[in-house]
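The values are calculated or read from the model by the stated rules, or taken from the named source; none is laboratory data. Owing to the predicted nature of the structure, the values given are computational and were not obtained by experimental measurement. In this analysis, Cβ positions are derived from the backbone assuming ideal geometry, glycine residues included, and neighbour counts consider all displayed protein chains. Areas reflect the complete protein model, heavy atoms only, side chains present, ligands, DNA and RNA absent. Shrake-Rupley method; radii C 1.70, N 1.55, O 1.52, S 1.80 Å.
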Amino acid sequence: LESIFLSIPNLTIAVPSIFNDPGKMLRDFLYKSSDPVLFIENKISYPKKLIRGESVGDFKIKRINDTEGHENIFLSMFPEEKEDFLIITYGGMVEIAMQASHEIFIEEEILCAILIVNNLKPIPISLLNFAKHSNQILILEEGNKMGGWGAEISSLIMENCFQSMDFPIRRIVA
């Protein structure tokens, strides 16, 4: 759905996850954006309990405000260590990313951090700071591979962070 709206100029696209109060997030986006706001909430999240603490399971939660004051979430099992992989995702894919990250760590001893982006458009520039410090990136999204949000993020990262990366960006789509 979101890929249809990505090319519309002056449209803000917000997608909450289990780490955001959707009502509060919607108010924040409406008050802070002078443009129309498209709010996409995955129905998988409806029965889920919001996660508000400083950790969930083995993950430590770091809440980061981007330049426009919108909150994005950074999850890591060991925040003091550099991750082997950075997973960038949003919305309903968050729990899948958490489960995969945990399993990869247990089975392969590969440390994955997760960046949960809540504003798909405009793309938060703070995302580039995380990408510059990661040499391997996986983008996980609900949409199509062709013309989707992940393609835009991948392009932005390659244009700005190519020199700091050891491996090409990988994308997994629904």
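How much of the accessible area of the chain, in percent, comes from carbon and sulfur atoms when a 1.4 Å probe is used?
Ligands and nucleic acids excluded, carbon and sulfur reach 55 percent.
Of the candidates K49, K82, K62, which one comes out as most mobile in a Gaussian network treatment of the chain with C-alpha springs shorter than 10 Å?
Highest fluctuation of the listed residues: K49.
Per DSSP H run of n ≥ 4, the term is -39500 (n - 2.57); total these for the chain, divide by its residue number, and report the mean residue ellipticity at 222 nm rounded to 500 deg cm²/dmol.
Computed mean residue ellipticity for the chain: -8500 deg cm²/dmol.
Just how large is the dipole of the stretch 41-174 about the Cα centre, in debye to the nearest 20, putting +1 at every Lys and Arg Cβ and -1 at every Asp and Glu Cβ?
Charge dipole, the stretch 41-174, about its Cα centre: 440 debye, nearest 20.
Might you tell me the accessible area per residue for the stretch 63-155, computed with a 1.4 Å probe and given in Å²?
Computed with neighbouring chains in place, this is 43 Å² per residue.
On a full-extension model of 0.36 nm per residue, what is the gain between N135 and V173, subtracting their alpha-carbon distance, rounded to one decimal in nm?
Between N135 and V173, full extension yields 11.6 nm more.
Do me a favour and compute the ellipsoid semi-axes for the chain from its Cα gyration tensor, root of five times each eigenvalue, largest one first, whole Å. Mind dumping the intermediate values first?
On the way: eigenvalues 112, 76, 44 Å².
The three semi-axes for the chain are 24, 20, 15 Å.
Could you order R52, R170 so the one with the most accessible surface comes first? Probe is 1.4 Å.
Final ranking, largest accessible area leading: R52, R170.
Accessible area of D35, 1.4 Å probe, to the nearest 10 Å²?
Counting only protein heavy atoms, D35 exposes about 60 Å² to solvent.
Taking amide H positions as placed in the peptide plane 1.01 Å from N, state which residues far from I172 in sequence (5 or more) or on other chains have amide H under 5 Å from it.
Under 5 Å from the amide H of I172 lie the amide H atoms of I139, L140, E141, each far enough along the sequence or on another chain.
With a 1.4 Å probe and all protein chains in place, put D166, D66 in order of accessible area, largest first.
Details: D166 100, D66 15 Å².
The ordering from most to least exposed comes out as D166, D66.
For the pairs K82/K121; K24/K49; K62/K121; K24/K62, note any where the Cα-Cα span goes beyond 26 Å.
Where the Cα-Cα span goes over 26 Å, the pairs concerned are K82/K121.
Could you tell me whether the stretch 79-174 comes out rounded, prolate or oblate from its Cα gyration tensor? Rule is a ≥ b ≥ c as square roots of the eigenvalues, rounded for a/c under 1.5, then prolate if a/b exceeds b/c, otherwise oblate. Don't skip to the answer; put the middle values down first.
On the way: a/c = 1.64, a/b = 1.16, b/c = 1.40.
Judged from the Cα gyration tensor, the stretch 79-174 comes out oblate (a/c at least 1.5, b/c at or above a/b).
Provide the net charge surrounding R171, with neighbours chosen by a C-beta distance below 14 Å and charges set as Lys +1, Arg +1, Asp -1, Glu -1.
Value of the local net charge: -1.
What is the distance, in nm, between label points placed 7 Å from the Cα along the Cα-to-Cβ direction at S164 and at I110?
So the label points at S164 and I110 sit 2.1 nm apart.
Once amide H atoms are placed 1.01 Å from N in the peptide plane, what residues at a sequence separation of 5 or more from I13, or on another chain, have their amide H within under 5 Å of its amide H?
Residues meeting the amide H criterion: L38, L120, K121.
Decide, for the stretch 6-50, between rounded, prolate and oblate: order the square roots of the alpha carbon gyration tensor eigenvalues as a ≥ b ≥ c, take rounded if a/c falls under 1.5, and otherwise choose prolate if a/b is larger than b/c, else oblate.
Cα axes put the stretch 6-50 in the oblate bin.
By accessible area of protein heavy atoms, probe 1.4 Å, what ranking do S126, S34 get, highest first?
S34, S126
For the chain, set up a Gaussian network in which alpha carbons nearer than 10 Å are linked by springs, and say which option among I64, I123, I44 fluctuates the most.
Highest fluctuation of the listed residues: I44.
How much accessible surface area, in Å² rounded to 10, belongs to the heavy atoms of M77 with a 1.4 Å probe?
We get 10 Å² for M77.
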